[in-house]
Amino acid sequence: RTTASCATAQAASWRPKELSWAVWSVARSHLREEARALLPAVINRLATFADASTNVSIADTNHSVSAQDFVMVLWSFAVAELSRDSLSSSNIQGLLHAAIRELKTPSDEQGSFVSICAWACAKADLREPADQLIRLAVESARRSLRSNHQIRSDGWSSRHLTMLAWAMVVQQRCHGPEDAAFVRQVYETSTAYLEQSSGGVEEMKPHAEQLELLHTVLNCHPAFHYPGPLRPFPDAIKRMKFLDVTQSYLQSDVEAVLRRLGHSRSLRSEVLERGGMSIDTVLFPTQAAASRRPVSR
């Protein structure tokens with residue numbers, strides 16, 4: 001609360017990275033009222049810095065805005081349950097246009113970044129202003145899938161693909177058979193992958209409901225209908241929705257540090273072992289993490 005109060009009062013003097021981390025920590029701590037008060041000032045400040053960064057004489061490491069800054073702010077906007085009416089249309093458009101400029105730059109984390117932004121835009125119901133960002137995410141995902149014929153490449157994992165397809169469905173952004181085929185491919189690929197993965201509760205539970213929505217939409221919504229039999233919704237993923245898993249703040253902090261140290265690909269949370277025991281945090285060797293299968297329950 002102290003950080004939120006200081007950042008809100010002094011936003012004009014804080015650097016973009018400081019503001020994005022401040023608003024992320026406030027939203028992550030479920031301080032929704034504080035996040036609602038802080039976010040408009042942060043969004044205005046980031047949009048100003050993003051415009052200034054196009055001027056080489058102004059841009060520097062202290063005042064430039066990175067793609068991660070926009071990801072953290074949009075995520076916080078969605079988690080704080082702010083509606084599009086809480087900001088002016090010009091502020092929202094300025095934020096999204098600046099975010100799109102940054103997110104177009106290829107990186108190892110592009111899949112993660114654009115899928116989280118697409119999910120946040122759909123959850124916050126930003127509608128038309130977010131359409132271009134979602135299209136950018138879909139194009140990035142298609143390129144990755146065509147180039148690698150597998151998930152977990154260029155920052156794209158089953159988790160991020162599912163988040164993006166969910167955003168397309170929630171925003172009702174289906175522009176023809178190609179989009180319907182993409183949503184279907186994500187559903188088929190992600191359910192098959194999760195049935196064989198070692199991700200356990202962390203990877204499966206948060207997206208079980210999203211995959212179930214994709215299954216329902218592909219079966220029932222005319223715009224997303226695609227010829228051919230649809231893969232049944234797996235019982236293993238359906239059961240995962242009802243598992244009760246608790247996670248301490250210490251565990252979350254430790255895992256956040258491990259991810260920042262570059263261990264995202266080998267890190268697994270709440271891994272189910274034989275006998276039903278759930279291990280809080282496991283670091284697998286990269287090859288073992290990819291080949292490890294979940295324990296039958």
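The values are calculated or read from the model by the stated rules, or taken from the named source; none is laboratory data. Just so it is clear, the model here is predicted, and its values are computed rather than measured. Methodologically, a virtual Cβ is constructed for each residue, glycine included, from the backbone with ideal geometry; neighbour enumeration extends over all protein chains shown. We work out accessible area using only protein heavy atoms, side chains counted, and drop any ligands, DNA or RNA first. Shrake-Rupley method; radii C 1.70, N 1.55, O 1.52, S 1.80 Å.
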Problem set entry | Positions within segment 67-90 being open to solvent by less than 60 Å² (accessible area, probe 1.4 Å) and not hydrophobic (A, V, I, L, M, F, W, C), in sequence order | D69, S76, S83, S86, S88
Problem set entry | Neighbours by Cβ (under 8 Å, 6+ apart or cross-chain): first from segment 92-113, touching a residue at least 60 places away in the same chain (Cβ under 8 Å) and farther than 22 Å from T162 by Cβ; second open to solvent by less than 20 Å² (accessible area, probe 1.4 Å) and of a type in the set (D, E, K, R) | none
For this session: Show the residue pairs that are 6+ apart or on different chains and have beta-carbon atoms under 8 Å apart, the first residue being within segment 62-83 and more than 19 Å from H160 (Cβ to Cβ) and among the basic types (K, R), the second being surrounded by 22 or more Cβ atoms within 10 Å (Cβ to Cβ) and modelled with pLDDT under 80.
Result: none
Problem set entry | Residue that is modelled with the highest pLDDT, among those in segment 13-66 that are open to solvent by 70 Å² or more (accessible area, probe 1.4 Å) and β-branched (V, I, T) | T48
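Collect the residues in segment 91-130 that are part of a loop (DSSP other than H, G, I, E, B), open to solvent by 40 Å² or more (accessible area, probe 1.4 Å) and under 24 Å from S157 (Cβ atoms), keeping them in residue-number order.
Within segment 91-130, the subset part of a loop (DSSP other than H, G, I, E, B) is 104-109, 124-127.
With the extra rule that they be open to solvent by 40 Å² or more (accessible area, probe 1.4 Å), the set shrinks to 104-109, 125, 127.
Listed by number, the residues that qualify are K104, T105, P106, S107, D108, E109.
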For this session: List every residue pair whose Cβ atoms lie under 8 Å apart, where the two residues are 6 or more positions apart in sequence or sit on different chains, the first residue falls within segment 10-38 and is free of Cβ contacts under 8 Å to residues at least 40 places away in the same chain, and the second residue, located anywhere, is not hydrophobic (A, V, I, L, M, F, W, C) and not in a helix (DSSP H, G or I).
Result: L31/R1; E34/R1
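Applying the selection to segment 132-145, what residues are in contact (Cβ under 8 Å) with a residue 12 or more places away in the chain and open to solvent by 40 Å² or more (accessible area, probe 1.4 Å)? Show your work before the answer.
Going through segment 132-145, the residues in contact (Cβ under 8 Å) with a residue 12 or more places away in the chain turn out to be 132-138, 140-142, 144-145.
Residues satisfying the conditions are Q132, R135.
For residues that are hydrophobic (A, V, I, L, M, F, W, C) and at pLDDT below 85, scanning just segment 193-219, find the one that is farthest from D179 (Cα to Cα). Give the derivation first.
Restricting attention to segment 193-219, the residues satisfying the condition of being hydrophobic (A, V, I, L, M, F, W, C) are 194, 201, 204, 208, 211, 213-214, 217-218.
Then keep just the ones that are at pLDDT below 85; that gives 194, 201, 204, 208.
Numbers: L194: 22, V201: 29, M204: 24, A208: 21 Å.
Step by step, filter segment 193-219, then rank; the result is V201.
Of all the helices (runs of 4 or more DSSP H) wholly in segment 220-297, which have at least 1 residues that are in contact with a strand residue (DSSP E or B) (Cβ under 9 Å, 6 or more places away or on another chain) and modelled with pLDDT under 80?
In segment 220-297, 249-260, 286-291 are the helices (runs of 4 or more DSSP H) which contain 1 or more residues that are in contact with a strand residue (DSSP E or B) (Cβ under 9 Å, 6 or more places away or on another chain) and modelled with pLDDT under 80.
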